[in-house]
Every structure is written in C-alpha cells, then in structure tokens.
1. Might you let me know whether the stretch 360-372 holds any residue that is assigned to a helix (DSSP H, G or I), aromatic (Phe, Trp, Tyr) and at pLDDT 90 or above?
2. Say whether the condition of being basic (Lys, Arg), in a helix (DSSP H, G or I) and at pLDDT below 75 is met by at least one residue in the stretch 172-179.
3. Consider only pairs whose beta carbons are under 7 Å apart and that are at least six residues apart or on different chains; among these, list those whose first residue lies in the stretch 124-142 and is within 18 Å of GLU63 (Cβ to Cβ) and whose second residue is at pLDDT 95 or above and polar (S, T, N, Q).
4. If you take the residues in the stretch 365-389 that are of a type in the set (Phe, Trp, Tyr) and in contact (Cβ under 8 Å) with a residue 60 or more places away in the chain, which one is least open to solvent (accessible area, probe 1.4 Å)?
5. Could you list, in sequence order, the residues of the stretch 299-323 that are within 25 Å of GLY99 (Cβ to Cβ) and in contact with a Phe, Trp or Tyr (Cβ under 8 Å, 6 or more places away or on another chain)?
6. Being part of a strand (DSSP E or B) and touching a helix residue (DSSP H, G or I) at 6+ places or on another chain (Cβ under 8 Å) is the filter here; which residues of the stretch 56-72 pass it?
Amino acid sequence: MVTSELEAGSPNSDTVSAPVGSRSVIASSRPRLSVIVPTYCEAGNIGAMIAALDASLAGIRWEVIFVDDDSPDGTMKVIRSLGETDDRVRAMRRVGRRGLAGAVIEGMLASGADIVAVVDADLQHDEKLLPRMLSEIESGAADLVIGTRYSQSGEARDGFSTARRLSSELATRLSNLLLRTNVSDPMSGFFMIRRELVDTIAPNLSPGGFKLLLDILASAPAGIRVREIPYVFRPRRVGKSKLDGLVIADFVGLLLSKLAGNLVPPRFFLFALVGTLGLVVHLFALRSAIVVSDASFNTAQIFASFVAMTFNFFLNNVLTFRDRRLSGFQAIKGLLIFYAVCSVGALANIGVADLVYSHDATWWRAGIAGALMAAVFNYAVSSAFTWRR
C-alpha cells in the first residue's frame, strides 16, 4: 500500500476577508520561499533546523516542508509537535516508498511558493546563504542557484571523509564530461530553483537515488541560468549519514539513463549489471558442479541456474530495489516469485532467440535478442510482483 500524508498548518500566511457585495474574497499572502527538507531518522535535528531557518530567513515569508520516509525514530512526532505552534512547519509522511530524490520531488510539487530550496536535515548545509540565493532568483539573475563545496572559498574538507570527498570529486568530473553540466558541484544537495522549472521537468526526473541536482541539470531545457555560491560544508552533529557505497551504483544508473535520453530507467541498468554478474556466477557454478560432483551437464545446468537466480535475487534486493528491500518471510516469498519469473524469462529468451534465428541465421544476434527480451521481461515482472511497491 502506498499512501501520502500532508500535515500541519497552511503555509505561513496572513488571511484577510474583504466583503464584495454578498460574497467575500480571501486575500492570502503566500510564502516567498518553500524549503524542502527530506528526512529519515532525523528526530534530533528537526528543532535545530527550524531555529536555523528562523534566524536566517528573518523578514522573509517562508515555509518548511519536511518529507519523511516513515522514520521509526519519531521524526514525524517531533515535526507534528513543532507544527502545532508554528504554521510555517509542514510535513509530508511517505509510507511504502523510500528515496531521497523522490522525497524532494514530492515536497517541491507540494510547495506553496514560486521558489523552492532543498536543504538536508543534518545541518551540514549553510542555511545563512538562503537569502542571497533567493535574491539571485528573484532579481532574475538565475533560475537555479547551487550551493557549491568546490568553488572559490567553498570547502568540503570538514564535512567529508577522505573517501567520500574523492568519490564526489570523481563523480563531478565524470558527470560534467558525459552530461556537459559544466558546474563545479552537480552532486550538491543544497540548491534553490524556480517552481515553474520544477513543474516543467518533473516528468523526466528519476525518483530513485540521491543525486537529484544532477538529474535536474541533465533534464532542464537549454538556456537556464545557473549561479553557484560557495559555502563551507559542515560536519554532521546528530545522527549518521544515509549515504553508503551503494550510492555509487545509483549514480552510475542515473548517468547511463541520461545518456540514453531517459528512454531507459536508471533501475534497469542496475538490474542488467546484476544479471551480468549473475552470468559469471552461473558459469562458475556450472563448472564447479561438473568438475567437483561429476554431474551430467543438464543436472549441473539446473544447479547453476538456481545458484545464479539466488545470487541475482539477493543482490537486486540490496542494490537495484533497496528502496523496496524485502526481509524475513517476505524475502523468502520474493525469492520464490523471482524463481518463477526468471523461469518464464528463460522461456521468453529461447522463444525470441529461435524466432530471430529463423529469419537471420546469425547465432550471436539471435542470442543477444533473446537475452535482451529475457532481461526486459524479468525486470518488468520483478518490479511489478517480486518487489512490488
């Protein structure tokens, strides 16, 4: 089941009623800025985040929308409590789905202002830059303003481990080279953008993964005005980072999807990568069964197939579909469904390959066609049944 829940007061606004004949017109002062803060297990940072925004945005009508992925640590309870006494605080609770990019997209589309900012809940971003970023957009100088860690006086040393800093710099160079984004920090999670631009490109954005800004830059129409403002990336004070080594896989999937013109979803590339590794596992298991147990080829092939399918299931569970990760009994049930899906996919592989071969007796073309058919079938059916939302 997938549900969304939008809570707390209306965007901070003063409402005035003015009589017109027998009717009344409601004049509302909308916020100038909506700040989107994605959260998962950030209960200890919520109060400090609101206080920081209050101090930095004095004199500016603003709202903050916390988009929480059903945190088990009471994050929503804290937000609700603070929202009862501050109508600038809004909350969106997402149930049944995960992903930082998707949370931010939903928050931006639910905003009540013409300009939206994205800030992490861990207080590593410098919220004092928000008024300057807002001025850049309201003056017409920019459509998108990025808080950068790598330009001029921007510094990421204190907030990054060495490994994370090096991987981020490498990803920046790679994305600028392949996607021609031409900014110093396309991996930044701290930026501000016109809401109308979000509405335009939202259908092309991927809700999976962590690098939404890169997706926005690659999906935006030509000619958008981009400004970068350097800032010092601060160490996290409370809680722990949600980023891990699997983010690299998300990045690669997103990069390949954009290079393919959004025709193929990022998740499919990860699924295909797992399938390629599964082929290696299959061949290793096949060889081992023949040599070690002296089994017949058909018996060894069946054994190797189940080993490869099991490997593929568990790797897909922690990588490709980690936002829908199965555990406990659901993982066992999912594994059995995955066996069934892959078995049908194998029949599709054989059928398509045989059809192609009957018209073009080139074995490798027929083999590739069958493999692609099986991959697409397995991905589509696995998404719908094995790792259903």
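The values are calculated or read from the model by the stated rules, or taken from the named source; none is laboratory data. Just so you know, these numbers come straight off a predicted model, no measurement behind them. Quick reminder, even Gly has a Cβ in these numbers, built from the backbone with ideal geometry, and neighbours come from all protein chains shown. With ligands, DNA and RNA removed, areas are computed over all heavy atoms of the protein, side chains included. Shrake-Rupley method; radii C 1.70, N 1.55, O 1.52, S 1.80 Å.
1. no
2. Taking every residue of the stretch 172-179 in turn, at least one turns out to be basic (Lys, Arg), in a helix (DSSP H, G or I) and at pLDDT below 75.
3. GLU127/SER56; LEU130/SER56; PRO131/SER56
4. TRP387
5. Of everything in the stretch 299-323, those that are within 25 Å of GLY99 (Cβ to Cβ) and in contact with a Phe, Trp or Tyr (Cβ under 8 Å, 6 or more places away or on another chain) turn out to be ASN312, PHE313, ASN316, ASN317, THR320, PHE321.
6. TRP62, VAL64, ILE65, PHE66, VAL67, ASP68
Okay, residues lined up against (1) more than 19 Å from the chain's Cα centre (by Cα); (2) at pLDDT 90 or above; (3) surrounded by 18 or more Cβ atoms within 10 Å (Cβ to Cβ):
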{"residue": "MET76", "(1), (2), (3)": "yes, yes, yes"}
{"residue": "MET92", "(1), (2), (3)": "no, yes, yes"}
{"residue": "ARG97", "(1), (2), (3)": "no, no, yes"}
{"residue": "ALA117", "(1), (2), (3)": "no, yes, yes"}
{"residue": "ASP126", "(1), (2), (3)": "yes, yes, yes"}
{"residue": "LEU130", "(1), (2), (3)": "yes, yes, yes"}
{"residue": "PHE160", "(1), (2), (3)": "yes, no, yes"}
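Yes or no, residue by residue, for (1) modelled with pLDDT of 95 or more; (2) part of a helix (DSSP H, G or I):
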| position | (1), (2) |
| --- | --- |
| SER4 | no, no |
| ALA18 | no, no |
| ASN45 | no, yes |
| ALA51 | yes, yes |
| ASP54 | yes, yes |
